[in-house]
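Rule-based calculations on the coordinates, nothing more; no lab input. Worth saying up front: this structure is predicted, and the values here are computed from it rather than measured. Cβ sites come from the backbone with ideal geometry, for glycine too, and all protein chains shown count toward neighbours.
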Amino acid sequence: MSCQNFASTSEGTMAYGVQSACGTVQTTLKELRFVSETVGSTAAVTTSNEIRPNRNVADSIRTSTSIGGDINVEFSYATYNDFLQGLLQSSTALDGANTEIKNGVTKKYFTVEKNTPDASGANYFTQFIDMQVGGMTLNIAQGAVVAGNFTLMGSSDQTNSGTSLDTAGGYTAANTLPVYNSLANVSAVLIDGSPAGNVESVNLTVTNNLREQRAIGSVAPAGVASGQFAVSGTVKIYFATNALYTKFLADQTFSLSVTIDDLTGVTNGNQYTIRLPKCKFTNVTKNITGNNADVLLEGGFSALLDGTLAATMGLKSLNAV
């Protein structure tokens, strides 16, 4: 029986670094906490339509490549601050002092490295350059960890089989702060500044609507452009009042904020507060689904530009004390 050196997913690693500019590879990388990923290159091909009397296909022609994918995560404090700033395209970093940052137009570029070592310890690195954060999902549901993903998009990649891009003597270690959960770590879900009630789940989807820019002579994207910054989501609440259903019928705006706290401090733990000061419901249901079940009010919503914030979404971080 031969001993095979197949790679194991449990030994794979991801690392990243913030680039100083587009096209400038970062060679000081930080270990990235993640649960799974789909980051890679994909190709579009066109099958030749040449007619052959032997009925065979003459060729398959590559017409483009795309670089990107998702990094699925369990959220913990400060672990993804760089990605959150990149998602918002904010010129200001999260500071841990409860200073609010908001979505803007300042792009942030990342070098991302993936390693899939085999059982012998041989490394197989793939690097992705000029990656941008195209979107994020955040899922807070009862009885679960706070999870989601970051969607990345870039314009170039390279395979450097045995050598990392990191030249700093090894990746900077990721923090070991606890993963947020929905049982103890969701300290507030507020609608119009008041508790939303008994919330079953809150889900957010944020996108920068990135698009690839294609040009003749370039198989990979010539560039990656930003579109509209858009936030949508759903909230499920055990039904007890018609207040939110009335807002939907009247097409009224409302504010939504969510605070999560890892309870690691004495006065407060490590906190994030997401603030969407102007939202509108796109649909609201409160269905009677059958016997022996609870009536849940489920509202889908979109966040809009708020005149006071001069943005759609605000985000704060607060260090534990």
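At-a-glance table
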read-out: Residues satisfying the stated conditions in the stretch 67-93, i.e. surrounded by 19 or more Cβ atoms within 10 Å (Cβ to Cβ) and either among the polar types (S, T, N, Q) or part of a helix (DSSP H, G or I) (or both); value: Ser76, Thr79, Asp82, Phe83, Leu84, Gln85, Gly86, Leu87, Leu88, Ser90
read-out: Single residue of the stretch 107-166 satisfying the filter (assigned to a strand (DSSP E or B) and in contact with a helix residue (DSSP H, G or I) (Cβ under 6 Å, 6 or more places away or on another chain)) that is nearest to Arg211 (Cα to Cα); value: Val133
read-out: Residues of the stretch 1-16 satisfying the condition of being of a type outside the set (Val, Ile, Thr) and either farther than 15 Å from Asp157 by Cβ or in contact with a helix residue (DSSP H, G or I) (Cβ under 7 Å, 6 or more places away or on another chain) (or both); value: Met1, Ser2, Cys3, Gln4, Asn5, Phe6, Ala7, Ser8, Ser10, Glu11, Gly12
read-out: Candidate set: the stretch 1-53, residues that are among the small types (Gly, Ala, Ser) and free of Cβ contacts under 8 Å to residues at least 60 places away in the same chain; chosen: the one nearest to Glu113 (Cα to Cα); value: Ser36
read-out: From the options Thr176, Thr205, residue that is part of a strand (DSSP E or B) and of a type outside the set (D, E, K, R); value: Thr205
read-out: Looking only at the stretch 227-252, and only at residues there that are touching a helix residue (DSSP H, G or I) at 6+ places or on another chain (Cβ under 9 Å) and assigned to a strand (DSSP E or B), the one that is surrounded by the most Cβ atoms within 10 Å (Cβ to Cβ); value: Val235
read-out: Filter pass, Asn56 being free of Cβ contacts under 8 Å to residues at least 60 places away in the same chain, surrounded by fewer than 13 Cβ atoms within 10 Å (Cβ to Cβ) and part of a loop (DSSP other than H, G, I, E, B); value: yes
read-out: Failed item, numbered, when Glu212 is tested on (1) surrounded by fewer than 17 Cβ atoms within 10 Å (Cβ to Cβ); (2) in contact (Cβ under 8 Å) with a residue 60 or more places away in the chain; value: (1)
read-out: Qualifying positions in the stretch 253-278 - of a type outside the set (A, V, I, L, M) and within 17 Å of Leu88 (Cβ to Cβ); value: Ser257, Tyr272, Thr273, Arg275, Pro277, Lys278
